Amino acid sequence: MTTLGIELKRVVITGLGAITPIGNTQTEYWDGLLRGQNGIDRITLFDASRHDCRIAGEVKGFDPHAYMERKDAKRMDRFAQFAVAASKQALADAKFVINDLNAEQVGTLIGTGIGGLKVMEDQQEICLTRGPDRCSPFTVPMMIANMAAGLTAIHIGAKGPNSCTVTACAAGSNAIGDAFRLLQRGYAQAMVCGGTEAAITPLAFAGFASAKALSTRNDDPAHACRPFDRDRDGFVMGEGAGILVLEELEHALSRGAHIYAEIVGYGMTCDAYHITSPVPGGEGAARAMQLAMKDAGLVPEDISYINAHGTSTPANDSTETAAIKKALGDHAYNVAISSTKSMTGHLLGGSGGIEAVATIMAVEGDRVPPTINLEHPDEACDLDYIANHSREQPVEVALSNSFGFGGHNVTLAFRKYR
Amino acid sequence: MSQDDILQKVRKIVSEQLSVEETEVAPESSFANDLGADSLDTVELVMALEEEFDIEIPDEAAEGIGTVQAAVDYIKQKVAV
């Protein structure tokens, strides 16, 4: 394939890593999704008793010391710990060894919605109560959003292209799409990419709750995240990281790597409409899906599965449904669609990462994960959302949608590798 | 506070701050060369010592504290005053 006269290389996925509210490896995560496992419960990471929303999808039992030295873990915010851990998992899964010969050809591109919010909040408190000279010298390097990418590169030794996308809840998908573009054009041979987030903190919950974005179904956390259901009342925050090893096809073949799937399309648009609300009718999201299909040379009838953004907010789910219809026409009614956020909660910048993992696994294994808690579909949500139980079906091509505050719309397209 | 009390406290703090075993922290240990401290670790370590002994260590003085013994000596003359 060529574009603007440049010969584009094919790019495949050879490694997956995941730290999620339903499992701290890619295998546990995928098995959990197929089982319809709920990852939402009451908040334990901070005292949420004064908050309107007291539920979240926390990562459980994560031990950073399994992935890094004690000292390194101490000087790293949780969002960066998740990224380093998931990146190491993905590289091990890909059996990809970074050494002196290839280090400059391996890059890192990890997105996050916010960055080291916990550290920012803790140090702000110290600054105000105990004085500025009591703030940790690690305050800035721990809180800045690019540090997941920077620290991951340090820990894996990747000296190639390195960057960070900060496009709210689209950040993880933007990171994967941008890494795909770099590899297509030959700027690297492999990219460790995805998204990470750890924003289960008092300030994030206060802010999102004030914006009326969060579910307040505090007495029933297991059923709080219910995308496309008429009784949905907001999103439920999750945390974690999803990381892929993307590799230029010839490079992957030359080392006999296992290939999960091929990444074939990347579409990115902006609503240019409102800071938090999607544009009514979803034309921005529809264009992102259309651009991803065009990028890959696909038509709507090629699409088997869509991993929806599906946040469980009243506005997103009906608007995304309209956008899918706009992008796919009548074929929208034939496509399997699910929101895996129903199980993990919304990982903000991490969501594009773990949802790419889910989409790729669906393409590889011809199984689609469900949307749980879908009991009474909203009238405005009349497509096939794979309610409550996973399904075995051929998945030749799948899309993954991610939309973010600011009006960012991103769609990634994955195809079975042949 | 005796010199030995100070040394034991300093060793404990250094061990916690730099994530090294207390047994590795000898009086002659250099923070940078023996215990792996970088410039940010050193700043954090000095802050922890200030809190523990309720003293102030000005930047110029901190720059001269390169070993465990140097820290103990500095703290000793500060707390004695």
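The values are calculated or read from the model by the stated rules, or taken from the named source; none is laboratory data. None of these values were measured; they are calculated from a predicted model. Don't worry about glycine lacking a Cβ; one is built from the backbone with ideal geometry, like all the others, and counts go over all protein chains shown. These area figures cover heavy atoms from the full protein model, side chains too; ligands, DNA and RNA do not enter into them. Shrake-Rupley method; radii C 1.70, N 1.55, O 1.52, S 1.80 Å.
Points to keep in mind about this one:
- Take every pair of alpha-carbon atoms less than 8 Å apart whose residues are at least six positions apart; their mean separation over the length of chain B yields a relative contact order of 38 percent.
- Ignoring lysines fewer than eight residues from A:Lys74 along the same chain, the ones with Cα atoms less than 16 angstrom from its Cα are A:Lys118.
- Calculated from backbone phi, Karplus (6.51, -1.76, 1.60) coupling profile of segment A:182-187 in Hz, x at Gly/Pro: 4, 6, 4, 9, x, 7
- The coefficient of translational diffusion for segment A:11-254, derived via Stokes-Einstein from the alpha carbon Kirkwood radius under 4 °C and 1.567 mPa s, stands at 69 µm²/s.
- Difference of contour (0.36 nm per residue) and Cα-Cα distance, A:Arg130 to A:Ser49: 26.6 nm
- Expressed to the nearest 5 percent, the antiparallel share of DSSP beta bridges inside segment A:266-415 is 65 percent.
- Ordered from longest to shortest, the equivalent ellipsoid semi-axes for chain A are 29, 28, 18 Å, each the square root of 5 times a Cα gyration tensor eigenvalue.
- Counting only whole DSSP H helices of chain B, the ones at least 20 Å long by C-alpha along their axis and with mean Kyte-Doolittle hydropathy no lower than -1.0 are B:3-18, B:39-53.
- Accessible area (Å², 1.4 Å probe, nearest 10) - A:Ile156: 20 Å²
- Looking at segment A:11-254, the accessible area is 37 square angstrom per residue; that uses a 1.4 Å probe and ignores ligands, DNA and RNA.
- Relative contact order computed over segment A:78-210 (Cα-Cα under 8 Å; 6+ residues apart), in percent: 40 percent
- The 3J(HN,Hα) values that the Karplus relation (6.51, -1.76, 1.60; θ = phi - 60°) gives for segment B:22-28 are, in residue order, 4, 5, 7, 8, 9, x, 7 Hz. Gly and Pro appear as x.
- Structure-based [θ]222 nm, chain B - -39500 (n - 2.57) summed over DSSP H runs of at least 4, per residue, nearest 500: -19000 deg cm²/dmol
- Most mobile listed residue (A:Gly172, A:Gly256, A:Gly107) in chain A, GNM with C-alpha springs under 10 Å: A:Gly256
- Comparing mean-square fluctuations of A:Ala356, A:Ala86, A:Ala211 from a GNM of chain A with C-alpha springs under 10 Å, the top value falls on A:Ala211.
- Evaluated at q = 0.09, 0.10, 0.12, 0.15 Å⁻¹, the base-10 log of the normalised Debye intensity for segment A:266-415, with identical point scatterers placed on the Cα atoms, takes the values -0.22, -0.28, -0.41, -0.66.
- Whether segment A:157-246 is rounded, prolate or oblate, judged on the alpha carbon gyration tensor where a/c under 1.5 counts as rounded: prolate
- Values of log10 I(q)/I(0) for segment B:3-80 across q = 0.11, 0.21 Å⁻¹ run -0.22, -0.87, by the Debye formula with one identical scatterer at each alpha carbon and no solvent.
- Applying 1/(1 + (r/R0)^6) with r as the Cβ-Cβ distance of A:Asn218 and A:Lys60 and R0 = 25 angstrom yields a FRET efficiency of 0.85.
- Taking each of A:Lys60/B:Lys9; A:Lys326/A:Lys416; A:Lys60/A:Lys326 in turn, the alpha-carbon distance tops 31 angstrom for A:Lys60/B:Lys9; A:Lys60/A:Lys326.
- Measuring between their Cα centroids, segment B:50-76 and segment A:137-166 lie 32 Å from each other.
- Max mean-square fluctuation residue, GNM over chain A, Cα-Cα springs under 10 Å, options A:Ile19, A:Ile110, A:Ile275: A:Ile275
- A:His389 accessible area, 1.4 Å probe, all protein chains in place, Å² to nearest 10: 140 Å²
- Here A:Tyr333 and A:Tyr187 are evaluated by their C-beta separation; at R0 = 35 Å the FRET efficiency comes out at 0.30.
- Surface listing: A:Phe180, A:Phe62 arranged by accessible area from highest to lowest gives A:Phe62, A:Phe180, probe 1.4 Å.
- When chains A and B come together, the accessible area they lose, probed at 1.4 Å and totalled over both chains, is close to 1000 Å².
- Spatial separation of Cα centroids for segment A:276-292 and segment A:326-344, in angstrom: 14 Å
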